[in-house]
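The structure appears below as structure tokens.
The values are calculated or read from the model by the stated rules, or taken from the named source; none is laboratory data. For clarity, every value in this text was computed on a predicted model and none was experimentally measured. Neighbour counts run over all protein chains shown; Cβ positions are idealised from the backbone, glycine included. Side chains included, ligands, DNA and RNA excluded: accessible areas come from the protein's heavy atoms. Shrake-Rupley method; radii C 1.70, N 1.55, O 1.52, S 1.80 Å.
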Amino acid sequence: QLRMPGGREALAYLNGRGLSDEIIYRFRLGYAPPGNVLKTHLAREGIKEHQMIDAGLVGKPDDGRSPYDYFRDRVIFPIKDRRGQPIAFGGRVMGDGNPKYLNSPESALFHKGRVLYGLAQARASAHKEGAVIVTEGYMDVIALHRAGFHNAVAPLGTALTEDQLRELWKLAPEPTLCFDGDSAGRRAASRGAERALPLLKPGQSLRFAMLPAGQD
């Protein structure tokens, strides 16, 4: 859909953020159009409605209305497991809607507190360099990859969890936390330190890269 006429605005947004076709392809970025396009397509393919709901692709309102595409009119960021298989999605709204970023709901495949965005792309570089950079969001990870830091990952819109820290320590002994240079970024770094303290071992710690105030 990103390359279809309806995705023109989404593609322009990504290009405007400096993303090349190569980066868009590497991260498999896409576009979810308005309406129930995905639900209709999956039904044609023989996928049952309850399967769409269980997979987090379709939402079911509590008030009895018809199920609907979970992601609508959003740029789509596939979220992959360690093997590089898509297990969930993140979506950035086009325009001023809320929430600005939306993740797939929890499912049998996806537990956001255990997953790091960009892990599949970062694993080889992190192991080779013995270092991994943890930043705040999808676009931060992609921006770092564009700049040659191919060992960047991010939690999924929440504070780092113990499971994510353990995943990071599999990649490198001292991951570097690099969050935005604002009060929220400093709080996120502090929370990461507090979460890590009980888990520290010899040769297993954290580093911090503090950005100037106002920079991200």
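Among the residues in region 181-193, are any touching a Lys or Arg at 6+ places or on another chain (Cβ under 8 Å), touching a residue at least 12 places away in the same chain (Cβ under 8 Å), open to solvent by 60 Å² or more (accessible area, probe 1.4 Å) and closer than 29 Å to Ile76 by Cβ?
No; the residues of region 181-193 include none that is touching a Lys or Arg at 6+ places or on another chain (Cβ under 8 Å), touching a residue at least 12 places away in the same chain (Cβ under 8 Å), open to solvent by 60 Å² or more (accessible area, probe 1.4 Å) and closer than 29 Å to Ile76 by Cβ.
Report, by residue number, each residue of region 52-62 that is open to solvent by 40 Å² or more (accessible area, probe 1.4 Å) and over 19 Å from the mean Cα position of the chain (by Cα).
Once the filter is applied, which keeps residues that are open to solvent by 40 Å² or more (accessible area, probe 1.4 Å) and over 19 Å from the mean Cα position of the chain (by Cα), region 52-62 yields Ile53, Asp54, Lys60, Asp62.
Of the residues that make up region 32-51, is at least one under 19 Å from Pro86 (Cβ atoms) and under 20 Å from the mean Cα position of the chain (by Cα)?
Scanning region 32-51 turns up at least one residue that is under 19 Å from Pro86 (Cβ atoms) and under 20 Å from the mean Cα position of the chain (by Cα).
Which pairs have Cβ atoms under 9 Å, sit 6 or more apart or on different chains, and link a residue in region 36-51 that is over 22 Å from Arg74 (Cβ atoms) and at pLDDT below 95 to one that is open to solvent by 70 Å² or more (accessible area, probe 1.4 Å) and among the β-branched types (Val, Ile, Thr)?
none
Would you mind stating whether Phe149 is open to solvent by less than 60 Å² (accessible area, probe 1.4 Å), part of a loop (DSSP other than H, G, I, E, B) and either touching a helix residue (DSSP H, G or I) at 6+ places or on another chain (Cβ under 8 Å) or closer than 27 Å to Arg187 by Cα (or both)? First the steps, then the outcome.
Details: open to solvent by less than 60 Å² (accessible area, probe 1.4 Å): no; part of a loop (DSSP other than H, G, I, E, B): yes; either touching a helix residue (DSSP H, G or I) at 6+ places or on another chain (Cβ under 8 Å) or closer than 27 Å to Arg187 by Cα (or both): yes.
Judged against the criteria, Phe149 is not a match.
Considering Leu160, Leu168, Leu156, which residue is of a type in the set (A, V, I, L, M, F, W, C), surrounded by 15 or more Cβ atoms within 10 Å (Cβ to Cβ), in a loop (DSSP other than H, G, I, E, B) and in contact (Cβ under 8 Å) with a residue 40 or more places away in the chain?
From the options Leu160, Leu168, Leu156, the qualifying one is Leu156.
Quick one: Met139 ticks every box in (1) assigned to a helix (DSSP H, G or I); (2) open to solvent by 30 Å² or more (accessible area, probe 1.4 Å); (3) modelled with pLDDT under 95; (4) more than 23 Å from Ala55 (Cβ to Cβ) except a single one, so which number is it?
In the conditions (1) assigned to a helix (DSSP H, G or I); (2) open to solvent by 30 Å² or more (accessible area, probe 1.4 Å); (3) modelled with pLDDT under 95; (4) more than 23 Å from Ala55 (Cβ to Cβ), Met139 misses (2) alone.
Name the single residue, out of those in region 14-25 being in contact (Cβ under 8 Å) with a residue 24 or more places away in the chain and surrounded by 15 or more Cβ atoms within 10 Å (Cβ to Cβ), that is nearest to Ala152 (Cα to Cα).
By that ranking, first place goes to Ile23.
Working carefully through the options Arg82, Arg65, Arg28, find the one that is touching a helix residue (DSSP H, G or I) at 6+ places or on another chain (Cβ under 7 Å) and surrounded by fewer than 16 Cβ atoms within 10 Å (Cβ to Cβ).
Arg82
Which pairs do you get when a residue that is open to solvent by less than 70 Å² (accessible area, probe 1.4 Å), found in region 107-129, comes within reach of a residue that is assigned to a helix (DSSP H, G or I) and of a type in the set (Phe, Trp, Tyr), reach meaning Cβ atoms under 9 angstrom, with the pair 6+ apart or on two chains?
Tyr117/Tyr138; Gly118/Tyr138
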